[in-house]
Amino acid sequence: MRRLMMRTIGLGLVSVILLMLAVACGGRDGGGGEQELAQELHLYNWSEYIEPQVLADFEAEFGVRVIEDTFSNNEELLAKLQAGATGYDVIVPSDYMVEIMIEEGLLAELNHANLANLGNLDEKFSDPPYDRGMVHCVPYLWGTTGIGYNSDVFEEEPDSWSYLFDPEIASQYAGRITMLNDVREAMSAALKYLGYSLNTTDEAQLAQARDLLIQQKAWVYAYDTEQYEDLLSADEIVLAHSWSGDIFMAADEDERLWYAIPQEGGVIWADNLCIPNTAPSKYTAEVFINFLLRPEISAANSNYAWYASPNAKAAEFIDPQILDEPAIYPPSDVMEKLEWLEDVGDATPIYERMWTEVKAAGP
Ligand code: N2P
C-alpha cells in the first residue's frame, strides 16, 4: 500500500514537471502552444527593399509596430551580429552569407509550424544549397548584378565589364562610374572581366582582381550601394555597378536609366528572411515572415523593389512589366552565364585583405 502511494506521488510529480516543461516551451515560441505577439518587431534590411504599405498592413492587422534599420552590404550585417547586436528579429542576408551565419551559429532554426505559407514558394527556391530544407531562412527576393547606365550617353548597350575595367573604355567615363561598396560584388566584377570564377580561392587570381580594381580607381566616383541610382538620375555618373531592381525602380521615374547583364556573366543572388538566434521575439518574427509569404504581399514587394520573386503563387499579382523583363527574369541562355556566390571559407580573409588594399590605394 505504502509502495503504491509512493508510486502515485512519484507519477504525480513527474506529470507536474512535464506540465511545467510544456508551459515553459510553449511560452518560448517553439512549442506550437498559445503564443503571444510582441509589440514591436525589429527588421534589419537592405535599403528600399520592402514596400512601406506592406509594413503598414502588417502593423494594422497584427498590432505589431515594425522598426526598420538598414545595412549596405552583407559584411556590415555580419559585423553587426558578431559585435553582439541583439535587438534584431528579422535580418535579410544573401545566400553565401546565410552559409557563413549558419556556420557561425548566428541563426535560429525556423519553426515551420508557424510558416504555413512556405508552400507558396517555387520549388526551385525551396531547397537552397546554402540552407537545405529552409531550416534557417526563407528566400525573399532574387536578382542579378550588372551595369546600370544612362542610355542617353551610350549608342550601344554597355553590356560588358570592359566598360568598367578596360582602360581605353572606362577612361572615357572617368569620374562618372560607381562601383558597389561590397567586397564580394566588386571582386566578382573584376574576376569575371578576367575570366575567372567569382568563387575563386586562388590567391594569384585574387591579386589580379585587386590590381584591376586599384587601376580602376582613377575613374571611380564612389563605392556605393545605396544611392547610385540617384547619382545616375542626377547626371553625376553615367555607369554604375548595380543590383538589377535598384535601377529598374529608378527607371520607373527616369526613363533614361537602364540595366544590362554583362555578356561575360555575373552574379545571381537571392536574399533571405532569417531570424538571429538572439532575436527578442522569434514567434513574432515567424508571423511576419509568414505574412511576407502571402502571394499578394510577396508580389507587392516585387512590384515596389523591381526584383524577381521566389514565390510561385505571387506571379499572378506581379506587374507584367517586371515578369516580362528579361533583365529581371533572365532567359535560360543568360542564366547559364550567371554564377552564385558561395562561402569561400579560408579564402574570406584574403578577399577582405585585397578589398582593404583597394580602398586604401590612392586613386
Ligand atoms: C536593395 C538592394 C538589393 C540587395 N536596394 C542586393 N542583395
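The values are calculated or read from the model by the stated rules, or taken from the named source; none is laboratory data. Only a predicted model underlies this, so the values are computations on that prediction, with no experimental measurement involved. Positions of Cβ are generated from backbone atoms using ideal geometry, with glycine treated the same way; all protein chains shown enter the neighbour counts. Calculation scope for accessible area: heavy atoms of the full protein, side chains included, ligands and nucleic acids excluded. Shrake-Rupley method; radii C 1.70, N 1.55, O 1.52, S 1.80 Å.
Of all residues being among the polar types (S, T, N, Q) and open to solvent by less than 20 Å² (accessible area, probe 1.4 Å) in the stretch 139-161, which is farthest from the ligand (Cβ to nearest atom)? Just the residue, please. Ranking the qualifying residues of the stretch 139-161, first place goes to S160. The sole residue among E109, E99 that is assigned to a helix (DSSP H, G or I) and open to solvent by 30 Å² or more (accessible area, probe 1.4 Å) is E99. The stretch 182-267 holds helices (runs of 4 or more DSSP H) entirely within its bounds, and those carrying 3 or more residues that are modelled with pLDDT of 95 or more, within 16 Å of the ligand (Cβ to nearest atom) and touching a strand residue (DSSP E or B) at 6+ places or on another chain (Cβ under 9 Å) map to 183-194, 228-233, 244-251.
Screening I169 with (1) in contact (Cβ under 8 Å) with a residue 12 or more places away in the chain; (2) closer than 16 Å to I147 by Cα gives one miss only, at (1).
Does V92 qualify as being within 20 Å of S188 (Cβ to Cβ), open to solvent by less than 30 Å² (accessible area, probe 1.4 Å) and among the hydrophobic types (A, V, I, L, M, F, W, C)?
Here the answer is yes, as V92 does meet what is asked.
Need pairs with beta-carbon distance below 9 Å; first residue farther than 17 Å from W258 by Cα and within the stretch 323-337, second assigned to a loop (DSSP other than H, G, I, E, B) and open to solvent by 80 Å² or more (accessible area, probe 1.4 Å); sequence gap 6+ or separate chains. Hits for this filter: K337/Q263.
Looking at the stretch 322-339, can you tell me whether even one residue there is within 16 Å of the ligand (Cβ to nearest atom), over 26 Å from A250 (Cα atoms) and either modelled with pLDDT under 95 or open to solvent by 60 Å² or more (accessible area, probe 1.4 Å) (or both)? Looking through the stretch 322-339, none of the residues is within 16 Å of the ligand (Cβ to nearest atom), over 26 Å from A250 (Cα atoms) and either modelled with pLDDT under 95 or open to solvent by 60 Å² or more (accessible area, probe 1.4 Å) (or both).
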